[in-house]
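Chemist: So that we are looking at the same thing, I have put the structure below in structure tokens.
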Amino acid sequence: MPTPKYSISPSQPLANGVPDSHRARAIRGTLRYWLRAPADVKTHTSYLTFNTKKRQEIIDITDEVDKCRAEAGISEGFVLVSAMHISASVFVNDHESGLWQDILDWLENRIAPWSPDEYRHNSGTGEDNAAAHLRSLTIGHEVIVPVTKGRLDFGPWQRVFYGEWDGQRKKRVLLKAMGE
Amino acid sequence: MPTPKYSISPSQPLANGVPDSHRARAIRGTLRYWLRAPADVKTHTSYLTFNTKKRQEIIDITDEVDKCRAEAGISEGFVLVSAMHISASVFVNDHESGLWQDILDWLENRIAPWSPDEYRHNSGTGEDNAAAHLRSLTIGHEVIVPVTKGRLDFGPWQRVFYGEWDGQRKKRVLLKAMGE
Amino acid sequence: MPTPKYSISPSQPLANGVPDSHRARAIRGTLRYWLRAPADVKTHTSYLTFNTKKRQEIIDITDEVDKCRAEAGISEGFVLVSAMHISASVFVNDHESGLWQDILDWLENRIAPWSPDEYRHNSGTGEDNAAAHLRSLTIGHEVIVPVTKGRLDFGPWQRVFYGEWDGQRKKRVLLKAMGE
């Protein structure tokens, strides 16, 4: 079975599911190549799962974001990194353990103390995690990581983190790369 | 008037406004079909208008975001949801009325009390809403909602909200879907 | 040297670096034009550099964002505006100097006082800027500016700002336009 010189990329769906001969594919590939057809927009989606040992925890996920970029095969575009829960955050900051502890202390002492009795959310719903919701709102639940020339286009100290504000159970983060 | 077997999609603009015969369109459609031309990136923009009864209010707009996705006809991509005002927020959190009240109380008591006399913005500009600006900065004014396999790709409890921090007048939110 | 009637746009890379005659380019351009090939997704990336006189400063960068949109030549899409540092913010708010001072005071007095002795990040790392990190987390480090019909699609008072929380040294902001 000969390999056509220019083949349709596997990400190119067959329209209407019409079967496609090798010969037809080769001719089509040659024509598309010759026409310099514009690069298809590519998207790629993956998911991370966490089940933290501590109730609050900060986890560096930069390598997973870069893996999604590589799997998408994009050189220009972005990766959306979005927590799928309303008691967690995704943010960009510094890989420094002293700062991570500062963030946890700051959330507890200044931004939104855990104090379940102070919140309405915690009465009637069986929940005690209103503070985790407020922390998620303050820091945000998603970031867009730019991709330029095939790399995460970050400054010298930027890393991506998952912030777990109410863990010790299964939680997920979505990664979606989009670009060309 | 016969219908061509393969027609150009209506989202495909006619370049330079050159008029286009049915016959030419049919040939072109066949060729593009045969070449498996890459899916066009689609964008679709719509706007929501609010005029809240209360000065501060939280409104679930998830159904409107999903409507924008459907109108765009995208199966992979995202919907940008962005408040067009600097005294409002858009955020993702929980559809639970106790929590909504917690958020309003937290903004007033801990993040940015209304107290107009404490702010410079409120002297000289005729405005008394500096606190609404600071609340918008804290929670943010926009979110990116991922779209996967034709659905808003949310975790089990995620919903999109408009947070009005200085209402009782006409305010707008932009929805822009982009993808393929 | 004759100009071909329909030329490939310069943003169209030559696949595999194969050299391309004027004649071939003209035929290809005609065919692509005739096929109404879908609009290419365009991306354009530029960088801003700041070196503020004061350690904290708020700078209106809306005109630079609009310049990036224009250079990208997109009429539908967005511009990602993202600080490349973990002690700075990018945000959308009001061009009003009283409010800028309110924001600086609010960050110092309510959100994250500078007080270097209170933070772990400031011991052992030689840094005294933990507060700048927390301010960056609160306000966020990036925004997505929607582009519709060739314009930044903003409400009446919205402008884009760079918030420097630890300046007096070289810092950068990435601008990436994407769309069609």
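Bear in mind that the values in this text are calculations on the coordinates, not laboratory data. Only a predicted model underlies this, so the values are computations on that prediction, with no experimental measurement involved. When we count neighbours, we look across all protein chains shown, and the Cβ atoms used for this are built from the backbone with ideal geometry, even at glycine.
Chemist: Once you have the alpha carbon radius of gyration of the stretch B:86-156, what is it after dividing by 2.2 N^0.38 Å, with N set to its residue count? Present the calculation step by step, with values, prior to reporting the outcome.
Modeler: Values: Rg = 15.8 Å, N = 71, 2.2 N^0.38 = 11.1 Å.
Taking N as the residue count of the stretch B:86-156, the ratio is 1.42.
Chemist: B:Lys149 to C:Lys54: FRET efficiency via 1/(1 + (r/R0)^6), r the Cβ-Cβ distance, R0 45 Å, to the nearest 0.05? Walk me through the numbers on the way to the answer.
Modeler: Working: r = 49 Å, r/R0 = 1.09.
According to the calculation, E is roughly 0.35.
Chemist: Here is a further query. Can I get the semi-axes of the stretch B:83-124's equivalent ellipsoid? Compute them from the C-alpha gyration tensor as square roots of 5 times the eigenvalues, in angstrom, largest first.
Modeler: Values: eigenvalues 120, 45, 7 Å².
Each semi-axis is √(5λ); the values are 24, 15, 6 Å.
Chemist: I would also like to ask the following. Which one of C:Leu99, C:Asn109, C:Val160 is farthest out on the positive end of the charge dipole of the stretch C:73-160, using unit charges on Cβ (Lys, Arg +1; Asp, Glu -1) and the Cα centre as origin?
Modeler: Of the options given, the answer is C:Val160.
Chemist: Also, quick follow-up: Using all Cα-Cα distances in the stretch C:38-113, what percent lands in each 5 angstrom bin from 0 up to the longest?
Modeler: So the P(r) values, bin by bin, are 3, 11, 20, 20, 17, 11, 8, 5, 2, 1, 0.
Chemist: Among chain C residues, which Cβ is nearest the axis of the C-onto-A rotation, and at how many Å?
Modeler: For chain C, the closest residue to the axis carrying it onto A is C:Val41, 3.
Chemist: How crowded by other chains is C:111-119, given as the mean number of beta carbons from other chains within 10 Å of each beta carbon?
Modeler: Working: counts 9, 4, 1, 0, 0, 0, 0, 4, 7.
Across C:111-119, the average partner-chain Cβ count within 10 Å equals 3.
Chemist: Sticking with this one: Between C:Lys170 and C:Ile27, what is the spin-label point distance in nm, taking each point 7 Å from the Cα along the Cα→C-beta axis?
Modeler: Those two pseudo-labels are separated by 5.0 nm.
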